[in-house]
Amino acid sequence: MNQHGGKRQKPESSNPPYLKGGDAVIKKNPTVLPTTLHPEQRLKLAAVEALTGTKKSKIYAAIAAGKFPAPERDGPRCSRWRAGTVLDYLQARVEAQQ
């Protein structure tokens, strides 16, 4: 029941808002991934987490081990990954599993 004593109304769509459309979205901090990525496009950490399915600590541990591409610095507090290097990493992982 809501604060006025009535029943809660169901949303119009049965799908949550983060599942609408063709884009992938992270629930915690909504990050919309475009359906196409340009190789030179720069990605934030949240987008890299969404693409790889790996969290921040594992990504940075893999960077330290030399297994994941390091980000490029865009400023003193700004790191971005080139989409092409992340996609190449993912492709190499798929090929290694086959």
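The values are calculated or read from the model by the stated rules, or taken from the named source; none is laboratory data. Bear in mind the structure is a predicted one, so any value in this text is a computation, not a measurement. Note that each Cβ is placed from the backbone with ideal geometry, even for glycine, and that neighbours are counted across all protein chains shown.
The table below lists the values:
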{"item": "Cross-chain or 6+ apart pairs with Cβ under 9 Å, segment 30-44 first and crowded, with 16+ Cβ neighbours inside 10 Å, then β-branched (Val, Ile, Thr) and modelled with pLDDT of 85 or more", "result": "Leu37/Val86; Leu43/Val86"}
{"item": "Residue within segment 71-80 that is basic (Lys, Arg), closer than 24 Å to Thr36 by Cβ, outside any loop (DSSP other than H, G, I, E, B) and within 13 Å of the chain's Cα centre (by Cα) present", "result": "yes"}
{"item": "Qualifying residue in segment 55-75 (condition: modelled with pLDDT under 95 and surrounded by 14 or more Cβ atoms within 10 Å (Cβ to Cβ))", "result": "no"}
